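First up is the structure itself, then whatever we jot down about it.
Any read-out appearing in this document is the output of simple, stated calculations on the displayed coordinates, not a laboratory observation. From a predicted model like this one, the values you see are computed outputs, not experimental measurements. Neighbour counts are summed over all protein chains in view; Cβ atoms, including those assigned to glycine, are modelled from backbone coordinates with ideal geometry.
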Amino acid sequence: MKSIAEIVDEYECNLALLRQRRDEVKAQIKSERDLNLRIRLWHRVDMLEGMIDDGVHAVRTMRGDIRG
């Protein structure tokens, strides 16, 4: 069974990957000429940011910084 500290480490690793992907999508938006594709990419960025926010909240809760 994993400890809370190990789970937090995994969450933080996954958050780093999500942030990296979000930044890649934002870079793709800058070079994309098709308006419809840019709109879909912005929706993807919004979804990724929501996942990142949820993960940050979970990490802070597991650390005891906030009450869940």
*Residue check: is LEU37 hydrophobic (A, V, I, L, M, F, W, C), out of contact with any Leu (no Cβ under 6 Å at 6 or more places or on another chain), exposed (fewer than 12 other Cβ atoms within 10 Å of the Cβ) and not in a loop (DSSP other than H, G, I, E, B)?*
no
*What are the residue pairs meeting all of these: first residue in the range 39-67, first residue over 16 Å from ASP9 (Cα atoms) and free of Cβ contacts under 8 Å to residues at least 12 places away in the same chain, second residue of a type outside the set (Ser, Thr, Tyr) and surrounded by 13 or more Cβ atoms within 10 Å (Cβ to Cβ), Cβ atoms under 8 Å, and 6 or more apart or on different chains?*
ILE66/HIS57; ILE66/ARG60
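Could you tell me whether LEU48 is surrounded by fewer than 12 Cβ atoms within 10 Å (Cβ to Cβ), assigned to a helix (DSSP H, G or I) and either aliphatic (A, V, I, L, M) or touching a Gly at 6+ places or on another chain (Cβ under 9 Å) (or both)?
Numbers: surrounded by fewer than 12 Cβ atoms within 10 Å (Cβ to Cβ): no; assigned to a helix (DSSP H, G or I): yes; either aliphatic (A, V, I, L, M) or touching a Gly at 6+ places or on another chain (Cβ under 9 Å) (or both): yes.
Answer is no for this residue.
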*asked:* Of everything in the range 25-34, what is surrounded by fewer than 11 Cβ atoms within 10 Å (Cβ to Cβ) and acidic (Asp, Glu)? Give them in sequence order.
replied: ASP34
